[in-house]
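Asker: Below you will find the structure I want to go over with you.
The values are calculated or read from the model by the stated rules, or taken from the named source; none is laboratory data. From a predicted model like this one, the values you see are computed outputs, not experimental measurements. Positions of Cβ are backbone-derived with ideal geometry, glycine not excepted, and every protein chain shown enters the neighbour counts. Quick note on the areas: whole protein, heavy atoms, side chains included, nothing else; ligands and nucleic acids left out. Shrake-Rupley method; radii C 1.70, N 1.55, O 1.52, S 1.80 Å.
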Amino acid sequence: MFSGFDFDVIGRSLPYLFREGMAFTLTLTGIAMSGGIVFGTLLAMMRLAKFPPLALAAGAYVNLMRSVPLLLVIFWFYFLVPWIGQWLIGATQPVRVGAFLSSAITFTMFEAAYYCEIMRAGIQSIARGQVSAGYALGLDYWQTMGQIVLPQAFRNMLPVLLTQTIILFQDTSLVYVISATDFLGAAAKIANRDGRLVEMYLFAAAIYFAISVAGSYGVKLMQQRLAVIR
Amino acid sequence: MISIKNVSKWYGSFQVLKTCSTEVAKGEVVVVCGPSGSGKSTLIKCANGLESFQQGEIVVNGVSVGASDTDLPKLRAKVGMVFQHFELFPHMTVTENLNLAQIKVLGRTRQEATDKTMALLKRVGLESHAPKYPGHLSGGQQQRVAIARALAMDPLAMLFDEPTSALDPEMINEVLDVMVQLAQEGMTMMVVTHEMGFAHRVAHRVIFMDQGEIVEDAGTNEFFGSPRSERAQQFLSKILQH
């Protein structure tokens, strides 16, 4: 059945696929995850703030990001980031931003909206009395958040945060619109160069599948362990 | 130490506190009792600014709680509070629970804080539980840890919000014993509780609240011997008939 195919192309291109492509994909996923969780947590705190302008601004941002297709956001940021950079540092011409930096910023900003909603639910899951106890000891808002609320919220939400990260890992393949060479992009380049579309796309799908399934399984294991600790 | 003057509070159009006034002098133990929903918990939460109020004034150790320029965290650090549901931090060990605010708020070193912590845990009889997490302790033990956590700040006064209401009956006494000892050492205490035996034993004064009002504010013997108001009489007969 596979007589017309040449699967050797995979073996030949493995170093390129992983050292270039997968390195890009994993670095982008890592940056967007950590940046997105930090920024998303700040957004969640803003959304829950008692100061209406702050809550409204954060709410508007989150709703906007969650209502626009990621593909469009990547596209727009790619063209906007140089101009924003120019405006920020007052340069005379748009700042050159590579595909990697542009996608790192885009994914961080985009994923922050989703991580925000997860952290918001996490913060709300912490009993009001915990906050009162922190305040009663003389801790201020930031100390109460940082020492008492967020560590517990983060722990409660860890499985959901990681599940969102698996989605993020798959979504990074959309950087093809700005011609960045992530894992899928690398596979596509080889596929087109050698005329081995079926082989390369099958292989790429298998790798995304394997990593995502392994990640989900890891989350499941962690969930069971967390359930024991609590 | 704690002076409450004409304090009123509303939730929307519902008035939970109606021009409440009372004083707690240094070294005095005052028990606040009354039916549920009478506003007694709300009143003591106003005393350290955990609840806001719209009218009146509360002065604690010379500082006005409701004033906009009051440094509330600084004030709260001097007033210990014990909650109905303990509110220990479940992600920290007992030692970390006691150390946290000593280090973050009082600026003690980890060593100073831990020394204080161990001394207090010994005092409430729980030094062997120092490395455990709150989830592994019984309710009575958790509440004793919570009292120790408040004492670690060397508070000028202690507020207790129904400290034994969430406990199984056999654990109530171990907590009350700690509180009695504290009272005998001269700690200024404001205690919301239904434990009339405790009130009888250590309280200098008893405040009876109903529907947001302070109905009766009398010396302990006077309160139990001859409550003046009909509502206090009814409440006492209900609570003491067993």
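Asker: Please list, ordered by first then second residue, the pairs with beta carbon atoms under 6 Å, 6 or more apart or interchain, first in the stretch B:99-114 and more than 10 Å from chain A (Cβ to nearest Cβ), second open to solvent by 40 Å² or more (accessible area, probe 1.4 Å).
Answerer: Between residues of the stretch B:99-114 that are more than 10 Å from chain A (Cβ to nearest Cβ) and residues that are open to solvent by 40 Å² or more (accessible area, probe 1.4 Å), the close pairs are B:A113/B:I103.
Asker: Out of B:I4, B:I58, report the one residue that is open to solvent by less than 10 Å² (accessible area, probe 1.4 Å) and over 26 Å from B:R201 (Cα atoms).
Answerer: None of the others qualify; the one that does is B:I58.
Asker: Next up: Answer yes if at least one residue in the stretch B:159-167 is under 30 Å from B:E222 (Cα atoms), crowded, with 18+ Cβ neighbours inside 10 Å and among the aromatic types (F, W, Y), and no otherwise.
Answerer: yes
Asker: Then there is this: Within the set of pairs 6 or more residues apart or between chains, which connect a residue that is more than 8 Å from every other protein chain (Cβ to nearest Cβ) and closer than 12 Å to B:M158 by Cβ inside the stretch B:65-87 to a residue that is outside any loop (DSSP other than H, G, I, E, B) and aromatic (F, W, Y) with Cβ atoms less than 6 Å apart?
Answerer: As it stands, the answer is B:V82/B:F160, since those pairs meet every condition given.
Asker: Give me the helices (runs of 4 or more DSSP H) completely within the stretch B:106-194, filtered to those with at least 1 residues that are acidic (D, E), ordered by residue number.
Answerer: Filter on the stretch B:106-194 gives B:110-123, B:169-184.
Asker: Restricting to the stretch A:146-165, and then to whatever is open to solvent by less than 20 Å² (accessible area, probe 1.4 Å) and over 18 Å from the mean Cα position of the chain (by Cα), can you tell me which residue is nearest to the other protein chains (Cβ to nearest Cβ)?
Answerer: Checking each candidate, the answer is A:I148.
Asker: Report, ordered by the first and then the second residue, all pairs with beta carbons closer than 7 Å, sequence separation of six or more or different chains, a first member in the stretch B:140-167 that is within 12 Å of chain A (Cβ to nearest Cβ) and on the phi < 0 side of the Ramachandran plot, and a second member that is in a loop (DSSP other than H, G, I, E, B) and of a type in the set (S, T, N, Q).
Answerer: B:L159/B:N48; B:F160/B:T193; B:D161/B:Q84; B:A166/B:Q84
Asker: Ok, one more. Any residue at all in the stretch A:117-134 that's open to solvent by 10 Å² or more (accessible area, probe 1.4 Å), facing another protein chain (nearest Cβ under 10 Å) and farther than 15 Å from A:L48 by Cβ?
Answerer: Yes, the stretch A:117-134 contains at least one residue that is open to solvent by 10 Å² or more (accessible area, probe 1.4 Å), facing another protein chain (nearest Cβ under 10 Å) and farther than 15 Å from A:L48 by Cβ.
Asker: I'm told A:I105 meets every condition in (1) within 23 Å of the chain's Cα centre (by Cα); (2) at positive phi except one. Can you identify the failing condition by its number?
Answerer: For A:I105, the exception is condition (2).
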